[in-house]
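K.L.:
Have a look at this one.
The values are calculated or read from the model by the stated rules, or taken from the named source; none is laboratory data. All figures in this text were calculated on a predicted structure; none of them were measured in a lab. So basically every Cβ, Gly included, is an ideal-geometry build from the backbone, and we count neighbours across all protein chains shown.
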Amino acid sequence: MTKIALVIGHNVRSQGAVRVTDQRTEYDWCADLAAAIRDSGPGIYEIFRRPAGRPYSAEIRETYSALSAKGALASVELHFNGGPANATGTETLTSGSVGSRRLAGLIQPAMVQALGLRDRGIIARSKNDRGGLSLHAGRPPAVLLEPYFGSNPGDCDAATRNFSALARAIHGACLAYLKGL
């Protein structure tokens, strides 16, 4: 049984935002973050990649159906924000369910502490909001992480400098979540 599903945001065809400092995409950078989190707790995590070549909603439903079938107790989808160069900070998206809010409440402050960026908070999203389908498509509680802005050179530097601390912070929050079940 998968305890925590780590979903890499976007897919090989549509790789998401691009970091201004090194041109790495969300898909590429988040794959490394997922591996670092997984390696922090062998046997706890399984990494899921969204399939390419399907309509957006179909790829999300397929991914979240697969992680639900594996018996995941929660899912964490990994991203980073894009936007104007002066946008900064860390945020976590939640479905608003009790489990999702609890997981978000553990991960958000851990990421803020690890990166030292502005706390943009925990944001509830409905199924039809941007990013919302990932939060509502599966059975287990889900969160979507946006630890920094890839469009901001300072945020990118903080994420690079504190990469290991970020992976440990997310892992520690996931362990605390599991312990509370």
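K.L.:
Can you go through Arg19, Arg38, Arg50 and tell me which one is in contact (Cβ under 8 Å) with a residue 12 or more places away in the chain, touching a Cys at 6+ places or on another chain (Cβ under 8 Å) and not hydrophobic (A, V, I, L, M, F, W, C)?
P.N.:
Arg19
K.L.:
Quick one: how many residues across the range 84-101 are outside any loop (DSSP other than H, G, I, E, B), over 14 Å from the mean Cα position of the chain (by Cα) and crowded, with 18+ Cβ neighbours inside 10 Å?
P.N.:
1
K.L.:
Additional query: Where the second residue is of a type in the set (Asp, Glu) and the first is in a helix (DSSP H, G or I) and lies in the range 102-116, which pairs have Cβ atoms under 7 Å and are six or more apart or on separate chains?
P.N.:
What qualifies is Val112/Asp119.
K.L.:
Please go through (1) in contact with a His (Cβ under 6 Å, 6 or more places away or on another chain); (2) at negative phi for Ser14 and return the number of the only condition it doesn't satisfy.
P.N.:
(1) is the only condition that Ser14 fails.
K.L.:
Sticking with this one: Would you be able to tell me the number of residues in the range 136-159 that are more than 15 Å from Gln23 (Cα to Cα), in a helix (DSSP H, G or I) and of a type in the set (A, V, I, L, M)?
P.N.:
Of the residues in the range 136-159, 1 are more than 15 Å from Gln23 (Cα to Cα), in a helix (DSSP H, G or I) and of a type in the set (A, V, I, L, M).
K.L.:
Can you say whether Ile170 is at pLDDT 95 or above, part of a helix (DSSP H, G or I) and on the phi < 0 side of the Ramachandran plot, as far as the supplied structure shows?
P.N.:
yes
K.L.:
Scanning the range 69-80 for residues that are within 17 Å of the chain's Cα centre (by Cα) and over 21 Å from Val18 (Cα atoms), which turns out surrounded by the most Cβ atoms within 10 Å (Cβ to Cβ)?
P.N.:
By that ranking, first place goes to Ser75.
K.L.:
Separate question: Return yes when Ala137 is crowded, with 23+ Cβ neighbours inside 10 Å and within 18 Å of Ala5 (Cβ to Cβ) and no when it is not.
P.N.:
Against the criterion (crowded, with 23+ Cβ neighbours inside 10 Å and within 18 Å of Ala5 (Cβ to Cβ)), Ala137 does not qualify.
K.L.:
Next question, about the same structure. Scan (1) modelled with pLDDT of 95 or more; (2) part of a helix (DSSP H, G or I); (3) surrounded by fewer than 18 Cβ atoms within 10 Å (Cβ to Cβ) for the single condition Ser57 breaks and write down its number.
P.N.:
Among (1) modelled with pLDDT of 95 or more; (2) part of a helix (DSSP H, G or I); (3) surrounded by fewer than 18 Cβ atoms within 10 Å (Cβ to Cβ), the lone unmet condition for Ser57 is (1).
K.L.:
Quick one: in the range 102-116, which of the residues that are within 13 Å of Cys174 (Cβ to Cβ), out of contact with any Ser or Thr (no Cβ under 6 Å at 6 or more places or on another chain) and not basic (Lys, Arg) is surrounded by the fewest Cβ atoms within 10 Å (Cβ to Cβ)?
P.N.:
Looking at the filtered set, the residue picked out is Gly105.
K.L.:
Taking the options Ala5, Ala35, Ala31, name whichever one is surrounded by 15 or more Cβ atoms within 10 Å (Cβ to Cβ), assigned to a strand (DSSP E or B) and within 14 Å of the chain's Cα centre (by Cα).
P.N.:
Ala5
K.L.:
Tell me yes or no: at least one residue of the range 117-130 is loosely packed, with under 15 Cβ neighbours inside 10 Å, at pLDDT 95 or above and aliphatic (A, V, I, L, M).
P.N.:
No: zero hits.
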